[in-house]
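Each remark here refers to the structure printed beneath this line.
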C-alpha cells in the first residue's frame, strides 16, 4: 500500500488503529514493523512512530527486546472497565436526562432502523453505536466527565468486537433506549441502559473465559 509522503506515520497510525478497533488485529497479536514497512512501502521509522503512538494510547503494548503487541484484556480487566463505563453512562443519563440532544437522537433512531441487520464489522453502525452512548455523556457539558469517558472509549470498542454474537440484540436495545429518552421516560431509559451494559458484560466475560 503506497502512502503519500505527508504525515506517513499518522496515516499508518490511523490504519492500524482502525484495524485494532475493528478486531482485524486480535488482542495479543504481535505486530511486525518490518512486515508493515514492506506493506506500506516505507521505512521502519514511521511504522515505529505509529506503534509508539498507539502504545501511548494503550492500544498496543511495547515489550522490550520482544516487540509490539495488540493490547489484550484479562476477564477482570474487562469487567472492571465495563463497570467504569456503566458508572459514567448511567450517571449522565440520570443527571442530565433533559439535556440530551433530542434532534440528534431522532437522527440516530432513523439510522439505527436502517442498520437493524448490519453487523459490528460495519464501521457505520459501529460509529452510530458510539455516537448514541457519547450523546448521553456529552449532555453533561462537563469536560472532566467527557474526557474521563473518552479515555476508556477505545477499550470499549475493542472489547465490543471480541464478541459479536448478539449484534441484533444490541441494535434493538439501542432503539428501545432512544425511544424511551424521546418519550421522556427516564426510569425506563435507565433500566434499558443498565440491562444493555449488563448483558454486554456477561457475554464478554463468557467470550474471554472461553478463549
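The values are calculated or read from the model by the stated rules, or taken from the named source; none is laboratory data. Quick caveat: nothing in here was measured; it's all calculated off a predicted structure. Neighbour counts are summed over all protein chains in view; Cβ atoms, including those assigned to glycine, are modelled from backbone coordinates with ideal geometry.
Taken as a whole, the condition of being at pLDDT 85 or above, farther than 20 Å from residue 195 by Cα and either in a helix (DSSP H, G or I) or within 17 Å of the chain's Cα centre (by Cα) (or both) applies to residue 98. When the stretch 105-125 is examined, which residues are found to be surrounded by 14 or more Cβ atoms within 10 Å (Cβ to Cβ), modelled with pLDDT of 65 or more and in contact with a helix residue (DSSP H, G or I) (Cβ under 7 Å, 6 or more places away or on another chain)? Result: 105, 108, 109, 111, 112.
The residue that is surrounded by the most Cβ atoms within 10 Å (Cβ to Cβ), counting only those in the stretch 140-187 that are at pLDDT 90 or above and not in a helix (DSSP H, G or I), is 140. Can you tell me which residue in the stretch 188-211 is surrounded by the fewest Cβ atoms within 10 Å (Cβ to Cβ), limited to those that are touching a helix residue (DSSP H, G or I) at 6+ places or on another chain (Cβ under 6 Å) and free of Cβ contacts under 8 Å to residues at least 40 places away in the same chain? Selected residue: 188.
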